[in-house]
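Participant: Below are the structure tokens for one structure; questions will follow.
Just so it is clear, none of the values below were taken in a lab; they were calculated from the coordinates. Every value quoted in this text rests on a predicted model; they were computed, and no experiment measured them. Virtual Cβ from ideal backbone geometry, glycine too; neighbours counted across all protein chains shown.
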Amino acid sequence: MNGIRHKHWIGLAVLAVCSVALSAKPQSGAEATTQPMAGDPGPSATLGAKPSQADDKTAILFDGLSWRGWQRKDGPESQWIVRDDGSVQASGGDAVTNSTFGDFQLHVEFYCPKMSGKQGQARSNSGVYLHGRYEIQVLDSFGDPPTGNGCGALYSIAAPMVNASRPPGTWQTYDIIFRAPRFDDQDKITELPRLTVLHNGIVIHNNLELPSTTPGGLDRTMVDVGPLLLQFHGDPVRYRNIWLRTLD
């Protein structure tokens, strides 16, 4: 199969899997069961995936060349470092998209360098914040049991069902389907946000209902639309091939 068509097919397959998951009964963090994964799951099937089509629902957030469209929390343009290999390195504060989104499918690839002599939360720490408020932890957690603050965790809410991490120094993927909270005409929440997450092509959260926002984001208020935020935690974590399709 042609390589480009294959990657487009993968994007559609991920969307189909996650759409089925979102139609299921919402899962709470307390209901999730976790188990360790033995060894390296191998390269992600969605590594290098591209959107199935380019239209007004598609947002290319980082194409490997330009970091335009990202700013710091306090407003100035983000100063993350675009590298020659088509990745961008976290630097100088969190990066926040200028655009906001409601429901979406997100693809992001990340690289946790090996941090010799470091332990726990000091091992290539970063995070992907949906709506700028719900953190999916990025961390070198290879070989560790799933925890509420390890790689793939909805930080402080739910551990991943399985630790699908690859070793440090390898590229990894998140494929995420996010459903925003719903509000009535009095701005009261009628449905909590939900998400499904695939880490390196493996489901680690299945239609998970989020009872609250997580620490470290823009604020602790649920909203109907919000930006994507990538966290700078002091470590040289890198990202590439970041794109999103709106599902509204």
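Participant: Which of D185, D235 comes first, and how do the rest follow, when ranked by fewest Cβ neighbours within 10 Å?
Facilitator: Going from sparsest to densest Cβ surroundings: D185, D235.
Participant: A further question follows. Which ³J(HN,Hα) values, rounded to whole Hz and listed in residue order, are derived for the stretch 193-204 from phi using the Karplus coefficients 6.51, -1.76 and 1.60 in 6.51 cos²θ - 1.76 cosθ + 1.60 with θ = phi - 60°, glycine and proline given as x?
Facilitator: Residue by residue, the stretch 193-204 yields x, 9, 8, 10, 10, 10, 10, 6, x, 10, 5, 10 Hz.
Participant: Around F183, under 10 Å between beta carbons, what's the net of Lys plus Arg minus Asp minus Glu among the other residues?
Facilitator: -3
Participant: Sort D103, D184 so the one with the fewest other Cβ atoms within 10 Å of its own Cβ comes first.
Facilitator: Ascending Cβ contact count within 10 Å gives the list D184, D103.
Participant: Now for a separate question. So, counting K/R as plus one and D/E as minus one, what does the shell of residues with Cβ under 13 Å around Y174 add up to?
Facilitator: Overall, the nearby charge balance is -1.
Participant: What are the principal axis extents of the Cα atoms in the stretch 3-246, in Å, biggest first?
Facilitator: Principal-axis extents of the stretch 3-246 (Cα, largest first): 50, 40, 38 Å.
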